[in-house]
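Since the structure comes first, as structure tokens, the remarks are kept for the end.
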Amino acid sequence: MGLGVGANGLVQVTDDDNIEVSNLNRQFLFRPNNVGKPKSVCAGDAAKVFNPDLKVNSVKNRVAPETESFFNDDFWNGLDFVVNAVDNVKARLFVDS
């Protein structure tokens with residue numbers, strides 16, 4: 001039992017950035033062998049280590065008006081809840097809207 005593991009369970013993870021060495025001391029999911037790889041993919045893979053039954057869809061998209069064709073009403077309406085951990089005001093305001 002848990003988030004993203006039921007018959008219809010799915011966790012969506014998105015980040016358009018790659019992991020840098022400076023991320024390693026402040027983001028617990030990433031390891032040195034992840035440097036240069038997409039944050040969203042590595043985060044999803046790390047979460048699956050904790051729970052192999054977890055269903056994750058990792059995408060490398062910036063959450064912004066420019067990607068509204070991906071982050072459209074169908075995307076947002078298909079979510080049960082949102083955890084917003086963006087690190088800039090513009091993206092936070094977009095998600096909040």
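Rule-based calculations on the coordinates, nothing more; no lab input. All of these numbers come straight from a predicted model, not from anything done at the bench. Virtual Cβ from ideal backbone geometry, glycine too; neighbours counted across all protein chains shown.
Does any residue of region 42-60 turn out to be touching a residue at least 60 places away in the same chain (Cβ under 8 Å) and either part of a helix (DSSP H, G or I) or within 20 Å of Val86 (Cβ to Cβ) (or both)? No: region 42-60 contains no residue that is touching a residue at least 60 places away in the same chain (Cβ under 8 Å) and either part of a helix (DSSP H, G or I) or within 20 Å of Val86 (Cβ to Cβ) (or both). Return the only residue of Phe28, Phe81 being more than 14 Å from the chain's Cα centre (by Cα), exposed (fewer than 11 other Cβ atoms within 10 Å of the Cβ) and of a type in the set (A, V, I, L, M, F, W, C). Going through Phe28, Phe81 in turn, just one is more than 14 Å from the chain's Cα centre (by Cα), exposed (fewer than 11 other Cβ atoms within 10 Å of the Cβ) and of a type in the set (A, V, I, L, M, F, W, C): Phe28. When Phe71 is tested against the conditions (1) over 18 Å from Asp96 (Cβ atoms); (2) surrounded by 10 or more Cβ atoms within 10 Å (Cβ to Cβ), the lone failure is (1). For region 84-97, name all the residues that are under 16 Å from the mean Cα position of the chain (by Cα) and of a type in the set (A, V, I, L, M). Residues satisfying the conditions are Ala85, Val86, Ala91, Val95. Just one residue in the set Val63, Val56 is surrounded by 11 or more Cβ atoms within 10 Å (Cβ to Cβ), within 18 Å of Gly9 (Cβ to Cβ), among the aliphatic types (A, V, I, L, M) and touching a strand residue (DSSP E or B) at 6+ places or on another chain (Cβ under 8 Å); that residue is Val56.
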